[in-house]
1. Given the conditions (1) at pLDDT 95 or above; (2) within 17 Å of F330 (Cβ to Cβ), and given that V432 satisfies all but one, which numbered condition is not satisfied?
2. In segment 470-510, what residues are open to solvent by less than 40 Å² (accessible area, probe 1.4 Å), under 19 Å from G531 (Cβ atoms) and not hydrophobic (A, V, I, L, M, F, W, C)?
3. If you take the residues in segment 363-375 that are part of a loop (DSSP other than H, G, I, E, B) and modelled with pLDDT of 95 or more, which one is most open to solvent (accessible area, probe 1.4 Å)?
4. What's the number of the only condition in (1) in contact with a Lys or Arg (Cβ under 9 Å, 6 or more places away or on another chain); (2) open to solvent by less than 40 Å² (accessible area, probe 1.4 Å); (3) modelled with pLDDT under 90; (4) outside any helix (DSSP H, G or I) that S513 fails to meet?
5. Regarding Q195, is this residue under 26 Å from the mean Cα position of the chain (by Cα) and in a strand (DSSP E or B)?
6. Could you please find all residues in segment 292-330 being open to solvent by less than 10 Å² (accessible area, probe 1.4 Å), part of a loop (DSSP other than H, G, I, E, B) and more than 14 Å from S365 (Cα to Cα)?
7. Does F462 qualify as being more than 17 Å from the chain's Cα centre (by Cα) and either in a helix (DSSP H, G or I) or surrounded by 24 or more Cβ atoms within 10 Å (Cβ to Cβ) (or both)?
Amino acid sequence: MAKKRKTGRNVAIVGGVAALLLVVGAAASPLGAGSKVELVASQTGMLNADAAKNLVFTINGAKMSDVTLKLDGQEVQGTQEGDNIVYRAPSDLADGKHTFSASKDGRLPGRTATSTQSFEIDTVAPVVTFEIPDEPVKMDQAFTLKGKVEGAKTAEINGEQLDLANDGSFSKEFAAPPRGAILKATDEAGNVTEQAASIPVFNPAVRSVHITAFGWSSSTLREPVLQMLKDKKIDNVQLDIKDEDGIVGYQSEVPLAKAAGTGTDRYNAADALKQIHDLGGTVTGRIVAFRDPKLAGWAVKNGKMDLVIQNSSGGAYDAGKYGRASFTNFANSEVKDYNISLAEEAAKLGFDQIMFDYIRKPENSGQVYPGIGDRDAMTAIVDFVAEAAPRVRAAGAFVGAAVYGISAFTPVSVAQDIPGMAKHLDFIAPMVYPSHWGPGEYSVASPNSQPYDIVNRSVMEFNRLVLGTDCAIVPWLQDFSLGVRYGVAEVKAQIKAAADAGINGFYLWNASSKYTAAALEAMQPGDAQPGELIYSMVRPGVNPGEGTKDAKAAEEYIKAYFEAKKNGTTFVPPGSQTTPDPATTEGTESSTEESTDSAADSATQSEGTESASTESTDGATASPSPSATP
């Protein structure tokens, strides 16, 4: 049985109708000079709420003492404004038909000149009902959108006229389920309802590996990835669109890409996509969003400083290991539109999913974001996601983001609000690489040597953080050695850890695009669907133990926790009236921060080694040093 969703009754602003001049003489016989009444109405015919609020009648060349005004048969008073009488209708006139008249006595007894204006008010906007499938539909199959529009004169979907039956019902064929389709219905009075058709689309779990644009151009790196696809060990390839240097892997037609010279010929997008699709795979295009030294350098050179994150003196911010002028400004409309336009272009080329990476601020302090207003950095980044998601979906792709693992419990450090972002995204890919955690995180003594424990516990936390949304968790897992040698056993342990938390999809990271194929099992399409999700039931960052399958209880717990943090009150777990969660005492909170700092120290020490042998990305470098707690 399909669900029916109705819009509210929304009234849009409609421009005014041209004024009408009515001159009506006496009904019975001529009245002689000076006997006519000239009545001008600012709006005529069918009026919506905005038109009715500004309805004005003017009687030209008349005196108050000579003219009688009536609204719906009741005498009303106008005002003398120069040589004219002006009457402003009440703003709260009821819906329905109304009449306004102006009468003037003639020179002959019993003779009256009257001018009458009839109008109708309709403030009720059309009502749109969609028939929404109960189950998600497949992205690559034809879809028929059905529904009904009540009280509309015209209707359109994404600017294309929609044919309505006599009863207002409609049926619209699409080659694929519409992502972000907007139905606009307009009635005779000009009231408008705009309603998004939120069609649940099946977002398949992906088993994927990362490859750079350079990697794809090399048969030595590309062919082993394609072989894993042929062997059904993976079903998705994560191919870079824009990398950490700000370089786009193909020649983009986005205007700012052309102006800044970011496009290259590292690969032909159409050819790469066809090669992967022909093997039955899908493609996730990764866009490194705000770490963009190419665009930032161009902006500084051309005096467009608002495009970059600045220091307190107005110069380009120095982001430490990333360098000066290495991060663009996520509060700037040009920067946002550039990244979104790249994503739209890629989706239209055929990329199945878009993943924004480096969707964050630099780790340190002292940053200035021109144009951010009174928002904080976390809010501004959520606003970017909210703007990007519908545009990318409308272009035909799913949309997600890569985030730091520690953002689950220290979001302020890099401005990544996981629950806020999840409201808008199809998936979030937390980077939970074991090598990037410090001793004691999630009560794991040596995360790099205990890949199962750290991945399982951190993924449970992310499962909980997206509750109440349609966002899935697809973790980034480690297939590289950093401090501990990783091979088949270690990669398998991470995949099992995610699966035991209900997640059967993953992205494997190796900055050199060389993977341990022996760690991956061959699966038929559809075999890697989500299992029964497990959620943490303790404070974020604490060992969740076995977790819980009770999504409602987990959601209530985390909402109560965040509310207590927001209000600065002691957190009492739901169901417990008097006993605070021992993990929320100040001493424990402090020890957790110290533990996180230890993780940062450990990661910082190892980062030089990773950078020396591979390119530096959010997916291959250490977690940031947290500067604040949630």
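1. Going through the list (1) at pLDDT 95 or above; (2) within 17 Å of F330 (Cβ to Cβ), V432 breaks only (2).
2. Result: P475, Q494, G502, G505, Y507.
3. D374
4. If we test S513 against (1) in contact with a Lys or Arg (Cβ under 9 Å, 6 or more places away or on another chain); (2) open to solvent by less than 40 Å² (accessible area, probe 1.4 Å); (3) modelled with pLDDT under 90; (4) outside any helix (DSSP H, G or I), just (3) comes out false.
5. Spelling it out, Q195 is indeed under 26 Å from the mean Cα position of the chain (by Cα) and in a strand (DSSP E or B).
6. D292, S326, N329, F330
7. yes
Quick grid of which residues meet (1) open to solvent by 20 Å² or more (accessible area, probe 1.4 Å); (2) touching a residue at least 40 places away in the same chain (Cβ under 8 Å):
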{"site": "E38", "(1), (2)": "yes, yes"}
{"site": "E75", "(1), (2)": "yes, no"}
{"site": "D83", "(1), (2)": "yes, no"}
{"site": "A102", "(1), (2)": "no, yes"}
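The values are calculated or read from the model by the stated rules, or taken from the named source; none is laboratory data. Since the structure is predicted, the reported quantities are computational estimates derived from the model, not experimental observations. In this analysis, Cβ positions are derived from the backbone assuming ideal geometry, glycine residues included, and neighbour counts consider all displayed protein chains. These area figures cover heavy atoms from the full protein model, side chains too; ligands, DNA and RNA do not enter into them. Shrake-Rupley method; radii C 1.70, N 1.55, O 1.52, S 1.80 Å.
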